[in-house]
Amino acid sequence: MTEIAEKTKINIAPTSEPKLEIYHPKMKGYWLKILIYGPNGVGKTTLGESANDCPLTSPALFVNIEGGMLSVVDKKPDVVDLKDYHRLEEIFWFLAKGNHNYKTVIIDSLSELQLFNLDAIVAEQLNKPSAAGKKRHDMADLWQEDYGKSTQELRRATRQFRDLPMHVIFTCLESSTMDKDGEERIFPQLTPKLRNSVLGYMDIVGYMYNQRIKGEDGKEILIRRLLCQNYGKWVAKDRSPGGRLGLVIDDPTIGKIMEKIIGKEVKNE
């Protein structure tokens, strides 16, 4: 070691014995953290609402951002509308404090939440000069720095909700992009940096789609499917032990997903 390096060496050893909480992860008390994405009208909201039909995940609270609850109106779910991005923090703390009986929260959807967030950022800066003296005069005037701020804020919000001691279901629209080799890839509809973070936060990322197949009588029927592993151009993910969800779940419900993950049937009491 040189004389300069010796003089500038910093002792970072702890002054006391560090106390680490070392544990073995268990399936008991498992909290589902899932992102469901796909095209409009495929049934993402309906799949999220099915949490109310499973005793492990019911009752559920919908955070309605898209405003499209008609598909589940007959189920009469508990819903709170997010009409102002800044109210998201209030909803989080309501759930975090635990003075409620909800086992699941459904954020519907992350795509719309990002737009809400960008609108809130721009609204705060309207008619205010930047460091360079520039001003923006309408909500359509988005700057590159807005996307950076939005990514930071939504990373934090997504982590906060993911870490709640309850089941957390996010929905999102799909988007198509080309990779470096010119191949099409289907991802959740989020900006690239935010998308990469969100994909990393989730235990399960499922792509939902409808497919026409021939029934036993030879007639075509339309079924809903949830892709749970990467396949072709579609991005998906399953962190359950041994990939218990398999490649595809037909007619998916939250109850079916929970049964596959915990490895046993969930019965209504």
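Points worth noting:
- Order of 176, 58, 150, 71 under a 10 Å beta carbon neighbour criterion, fewest first: 176, 71, 58, 150
- Entry for Rg/Rh (Cα atoms, Kirkwood Rh) (calculated from the structure that is shown) out of (i) 0.96; (ii) 0.92; (iii) 1.06: (iii)
- Residues whose amide H falls under 5 Å from that of residue 235, counting only those 5 or more places apart or on a different chain, are 186, with hydrogens built in the peptide plane.
- Summed side-chain charge close to residue 164 - residues other than residue 164 whose Cβ falls under 12 Å, Lys, Arg +1, Asp, Glu -1: +4
- Computed over the chain: relative contact order in percent, which uses C-alpha pairs under 8 Å that are six or more apart: 23 percent
- Net lengthening on full extension, residue 90/residue 126 (0.36 nm per residue, minus Cα-Cα): 10.5 nm
- Placing R0 at 41 angstrom, the Cβ-Cβ distance between residue 144 and residue 214 gives a FRET efficiency of 0.25 after rounding to 0.05.
- Taking amide H as placed 1.01 Å from N in the peptide plane, residue 31 has no amide H partner under 5 Å among residues 5 or more places away or on another chain.
- Relative to the longest principal axis of the Cα atoms of the chain, the long axis of helix 87-97 lies at roughly 80 degrees.
- Taking amide H atoms as placed 1.01 Å from N in the peptide plane, the amide H of residue 170 lies under 5 Å from those of 34, 35, 36, 107, each 5 or more residues away in sequence or on another chain.
- Calculated from backbone phi, Karplus (6.51, -1.76, 1.60) coupling profile of the range 49-65 in Hz, x at Gly/Pro: 5, 5, 4, 6, 9, 10, x, 6, 10, 9, x, 10, 10, 8, 9, 8, 10
No lab work stands behind these numbers, since they all come straight from the coordinates. Just so it is clear, the model here is predicted, and its values are computed rather than measured. FYI the Cβ positions are ideal-geometry reconstructions off the backbone, even for glycines, and counts take in every protein chain you see.
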